[in-house]
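Since the structure comes first, as structure tokens, the remarks are kept for the end.
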Amino acid sequence: MVPSAPLDASPAPKGSARLSPLNDAHIAAGASFTDFAGWQMPVRYSSDLAEHRAVRTAAGLFDLSHMGEIVVLGPQAAEALDHALAGRLSALELGQAKYSLLLNDAGGILDDLVVYRTGADRYLVVANAANRQTVADALTQRAASFEADVYDESDDIALIAIQGPRALEILQNVPELGIEAGADVPEDFEEKDIEQALAELKYYRSLSGTYLDHPVLIARTGYTGEDGFELYVSPDDAPALWSALLETGAGAGLIPAGLASRDTLRLEAGMPLYGHELTTSTLPSQAGLGRVVALSKPGDFVGRSAIERGAPEDARVLVGLAGSGKRAARAGYAVHARAADGGSDAGASDAGSPGAGGPEAGSPGAGASDGSNTPVGEITSGALSPTLGHPIALAYVDPALAAVGTALDVEVRGTRIPFTVVALPFYSRKKN
Amino acid sequence: MAVPVDRRYTAEHEWVRLDGDTATVGITEYAAEKLGDVVFVDLPQAGSEAAEGSVVGEIESTKSVGELFAPVTGEVVEANDAVASSPELVNSDPYGEGWLIRVRVAEPARLEELLDATAYAALIGDGE
């Protein structure tokens, strides 16, 4: 047995990798590790499917300390970010967060980010680990003509995410977690206790909390498609907070979850992953992120002219694909058109097509003799969905074949497997 | 990680246990752990011929795909239906219920050339 994809878990620490402040806790928990952007991070603790299900049904705890945290500080921090990023960050209220993009001059995506306004003159920009330096350098350069300074504080901030339907009740019961009494706390939180404040914290909002009397930024954000919180804490306090969360949540089904489950969770939620769906040659509109670019904001921003010119008409666009059976379409696999007269619409699979397009399932390989061998697209992420039970994938395809319901074939190691374009997200939680 | 001594191993992290002229084939605990949760197994049909070193099946986890190589030459006499319907058996019991195929071996003596438990344990870093 030789995996055709590289073995992604190593049982022993690697000498050169950067270590999370929670590394000892992961080793004690029996984690398997992966090298992720130069960091040794848990890929799974025991079972990535069990971790995935825990997040969907109870709660999972993630160590995201590898992510980059960059602070922009100064009287013109807002203007600097309006110039540096695609969104209108000056419009953020204190305590509000926004998903944004760092573009290059050609409109390509250098990174996708979450930006928190943590003070009148202070923003926290959270970058992907692999892009930390790119983001820090670009922000420093782009803020140079503004009264704002850029600080890469990644080494001084650990990040723990608790995600899942029971995340709130667990966090509410963590001992030593409180609300900071300070100038930067929104007024309406000052007099409330932490339980109420957490319950009332809205999606994509944060509050200044304390843990063991040290500052912790508590944000209602995440990357799993579930309710949950992300906790920005000092590396010194991170191990105690991690343990306290696990102890508090054990009875509610909270378990630590690795990057493998994080990837299948975000995929089900239809969220892009940098390096897969987003690259320097991807324009936001191709990725379905046109709404993230605030063309209406005043003044120039990096990438504006390229975005205004728009993508070429034939530029491929991101779609969701759903298949039947159990075989996953994986990153790099070619997507082909289904020939209209290929005779592959005779349903022969063991499960109905889950997509909106009706019975598209042919027996595996039924499309192999169809049509052209020129691919019409490529898979960027894919897996057998743990929640839905059928294969799901994100792919860039020719715009003429991007409509929901379009039948396509994916070449899975020599066999063409039928898939259907479906609306994103693949999974969305029931909201009360 | 215990490596059973009643069978032979390949460098591709498969095990082979001979009973008469029939070899039972599976993947090792080490391989199963590296793969992560197995979610789909594609096995050859009974009656098909397997040539030593050829790809006869696939093992998919959420994160990656592994190829199943025939560790010996012979006729596939059985594929494990239980694993086809419950792929998690490969993770929960890789040396037992998670076996994959049975092959009627043309030359049983060839198995002597495969790794023994000691050699395989050394290959995977012994006890990691």
| said: Looking at A:A197 and the list (1) over 21 Å from A:H66 (Cα atoms); (2) assigned to a strand (DSSP E or B), which single condition is not satisfied? | reply: (2)
| query | So which residues in region A:284-343 are free of Cβ contacts under 8 Å to residues at least 60 places away in the same chain and more than 30 Å from A:L89 (Cβ to Cβ), if there are any at all? | reply | A:A331, A:G332, A:A339, A:A340, A:D341, A:G342, A:G343
| task | Could you look through region A:223-280, keep only residues that are within 14 Å of chain B (Cβ to nearest Cβ) and of a type in the set (D, E), and pick out the one that is surrounded by the most Cβ atoms within 10 Å (Cβ to Cβ)? | result | A:E268
| query | Do we have any residue at all in region A:417-424 that's within 19 Å of A:Q286 (Cα to Cα), small (G, A, S) and at pLDDT 95 or above? | reply | yes
| query | among the aliphatic types (A, V, I, L, M), out of contact with any helix residue (DSSP H, G or I) (no Cβ under 9 Å at 6 or more places or on another chain), crowded, with 21+ Cβ neighbours inside 10 Å and under 23 Å from A:V412 (Cα atoms) - does that describe any residue in region B:49-67? | reply | yes
| said: With the requirement that a residue be surrounded by 20 or more Cβ atoms within 10 Å (Cβ to Cβ) and within 14 Å of another protein chain (Cβ to nearest Cβ), what does region A:405-420 give you? | reply: A:V410, A:V412, A:I417
| strands (runs of 3 or more DSSP E) wholly in region B:1-117 with at least 2 residues that are within 14 Å of chain A (Cβ to nearest Cβ) and in contact with a strand residue (DSSP E or B) (Cβ under 7 Å, 6 or more places away or on another chain) - which ones? | B:14-19, B:22-27, B:38-42, B:55-61, B:65-69
| Count of region A:62-121 residues which are buried (at least 20 other Cβ atoms within 10 Å of the Cβ), of a type in the set (S, T, N, Q) and under 14 Å from A:I307 (Cβ atoms) | 1
| request: Can you confirm whether region B:67-78 contains a residue that is among the acidic types (D, E), without any contact (Cβ under 8 Å) to a residue 60 or more places away in the chain and under 23 Å from A:P391 (Cβ atoms)? | output: yes
| note | Within region A:313-340, the residues that are surrounded by fewer than 22 Cβ atoms within 10 Å (Cβ to Cβ) and either farther than 17 Å from A:E378 by Cβ or within 14 Å of chain B (Cβ to nearest Cβ) (or both) are A:E313, A:G325, A:K326, A:A331, A:G332, A:Y333, A:A339, A:A340
| request: Kindly indicate which of A:A331, A:A260 is in the same structural domain as A:R413 (by TED's automatic domain parsing), under 25 Å from A:A423 (Cα atoms) and touching a Gly at 6+ places or on another chain (Cβ under 7 Å). | output: A:A331
| query | What are the residue pairs meeting all of these: first residue in region B:81-93, first residue closer than 12 Å to B:D37 by Cα, second residue assigned to a helix (DSSP H, G or I), Cβ atoms under 6 Å, and 6 or more apart or on different chains? | reply | B:L89/B:V83; B:V90/B:A32; B:N91/B:A32
| Enumeration of residues in region A:370-404 that are within 14 Å of another protein chain (Cβ to nearest Cβ) and among the β-branched types (V, I, T) | A:I379, A:T387, A:I392
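The values are calculated or read from the model by the stated rules, or taken from the named source; none is laboratory data. This one's a predicted model, so the numbers in the text were calculated from it and none came from an experiment. Cβ coordinates were reconstructed from backbone atoms using ideal geometry, including for glycine residues, and neighbour counts include every protein chain displayed.
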